[in-house]
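For reference, the structure discussed in these notes is given below.
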Amino acid sequence: MYVKQISVFLENKSGRLAEVTSILGKNNIDISALSIADTTDFGILRLIVNKPDLALQVLKENGFTVSATDVIAIAVEDKPGGLAKVLDILYKNDIGIEYMYAFVGKITDEALVILKVENSEEAINVLKENNVRILSANEVYSL
């Protein structure tokens, strides 16, 4: 039920993001979702890609500081209040969200969201109990 997210530590200087995406592209690695958080000196690029193990390898080989983290991918109704409904379920079950971001595309009439939560196993159980669709890693990597 987990999806492997790639996190890349980037110096906040011109061209670093382009370099990462170029390396991934040259290795036929497709980006499905991304998020970047930055400060004055550095940023953390979080990626969902179709070949996470290869992405880790090639980025490390090119001198980047890279790590992998298990996250949860969920489908929410793509209509006003769809995301709020899921976030309310987590809130009512005292599950804190560390961060989240959305996919570039969607499937059917659902929007796709990546969640990093405090207690992943509990979150998965609560979401399943409330009929929130959790995507498998294979589903996500094939998008």
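The values are calculated or read from the model by the stated rules, or taken from the named source; none is laboratory data. Nothing here was measured: the structure is a model prediction, and the numbers come from that model. No Cβ is skipped: glycine too gets one built from the backbone with ideal geometry, and neighbour counts run over all protein chains shown.
In this structure, residue 104 does not qualify as under 22 Å from residue 135 (Cβ atoms), among the β-branched types (Val, Ile, Thr), in contact with a helix residue (DSSP H, G or I) (Cβ under 8 Å, 6 or more places away or on another chain) and at pLDDT below 95. Anything in the stretch 102-132 that is outside any helix (DSSP H, G or I) and in contact with an Asp or Glu (Cβ under 7 Å, 6 or more places away or on another chain)? List them, or say none. Scanning the stretch 102-132 gives 106, 109, 110, 111, 116, 117, 118. Taking residues in the stretch 6-27 that are basic (Lys, Arg) and at pLDDT 95 or above, and partners anywhere that are assigned to a helix (DSSP H, G or I) and surrounded by 15 or more Cβ atoms within 10 Å (Cβ to Cβ), not one pair has Cβ atoms closer than 7 Å while being at least 6 places apart or on different chains. Within the stretch 79-100, residues that are acidic (Asp, Glu) reach partners that are outside any helix (DSSP H, G or I) with beta carbons closer than 8 Å, at six or more positions or on different chains, in the pairs 98/116; 98/117; 98/118. Exactly one condition in (1) in contact with a Lys or Arg (Cβ under 9 Å, 6 or more places away or on another chain); (2) touching a residue at least 40 places away in the same chain (Cβ under 8 Å); (3) assigned by TED's automatic domain parsing to the domain that holds residue 121 is false for residue 103; which is it? In the conditions (1) in contact with a Lys or Arg (Cβ under 9 Å, 6 or more places away or on another chain); (2) touching a residue at least 40 places away in the same chain (Cβ under 8 Å); (3) assigned by TED's automatic domain parsing to the domain that holds residue 121, residue 103 misses (1) alone.
Considering only the stretch 69-105, state which residues are closer than 21 Å to residue 24 by Cα, touching a strand residue (DSSP E or B) at 6+ places or on another chain (Cβ under 7 Å) and loosely packed, with under 13 Cβ neighbours inside 10 Å. Correct list: 70, 104.
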